[in-house]
Amino acid sequence: MDIRHRDVAPKDNKVGTTDVNPWGSIGGIMTTGTEIILKLSLSVIFGGMVGLEREIRARSAGLRTHTLVCFGSTIFMLVSQYMWVIYKDQAVVDPTRIAAQIITGIGFIGAGTIMKSRFAMKGLTTAASIWTVASIGMAVGAGLYYIGFVSAIGAILILTLLEKVEPMLNRDWYVTLSIWAIKDDGITEKVKKVITEIGGQIRNIIIEKDKESGNLCMDINVRYQAKHENEDIVGKIIKIDGVKKVKCE
């Protein structure tokens, strides 16, 4: 019987052992360590550009927050690309999954900058800027430097220029009045009358009464068809007999 032997190379069943140098070429996505450093550096610059504008205006999320969001988004994009190159031959890998989760995760950070008072919400613009900065970081991480740069400039122009345009628009003007007054059965009607004479329309009113002293605290949301100076509104209401303190926001 003719028996022949053939040498068979042992199979390597290990998963995730692709020989990839993180500082070298990996599928043409990232080329060198220099490019990785460039991406991270640009994310700090672009995120800082938008964050500086928010910082100057003393918003809840300023320079550091925006810079870190952009920086972190870039890191996630780099990790997403790198993981795809390592495991693409061993399993079905979607390189967009991590990127998609960035958008979801940024929502929690943005929500933390939004503050709700009784009649209004503040921080929506800052929340939107954080969301935008995250997208800029993703663009830089993907190597889309031009898009990242133009987006950063565009975000700054939107935040600065449109802020000057908004007061020029013929739109309704809302203010919230907090009024403290002594106990008086007719004080509420007096306040309503003055607000109406100024040209305001009362949208909501909340009245709280101190159980011990009987003094009143009124929170009134007022709409005007044109902008009114807060000092003028406060000055006329404070003259009402029985009103002790007025705050306008």
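The ranking of 159, 144 by Cβ neighbour count inside 10 Å, starting from the fewest, reads 144, 159.
Among 73, 41, the ranking by other beta carbons within 10 Å of each residue's beta carbon, starting with the fewest, stands as 41, 73. Extent along the principal axes, Cα only, for the range 33-167: 56, 31, 22 Å, with the longest axis given first.
Ranked by Cβ crowding within 10 angstrom, fewest neighbours first, how are 157, 169 ordered?
169, 157
Its alpha carbons considered, the range 187-241 gives a radius of gyration followed by a Dmax of 12.0, 40 Å. In terms of distances greater than 30 angstrom between alpha carbons, the cross-link table entries 122/236; 122/245; 164/209 yield 164/209.
Mind giving me the FRET efficiency for residue 165 and residue 198? R0 is 22 Å, r the Cβ-Cβ distance, nearest 0.05 is fine. In this case the efficiency is close to 0.25.
Any read-out appearing in this document is the output of simple, stated calculations on the displayed coordinates, not a laboratory observation. Bear in mind the structure is a predicted one, so any value in this text is a computation, not a measurement. So basically every Cβ, Gly included, is an ideal-geometry build from the backbone, and we count neighbours across all protein chains shown.
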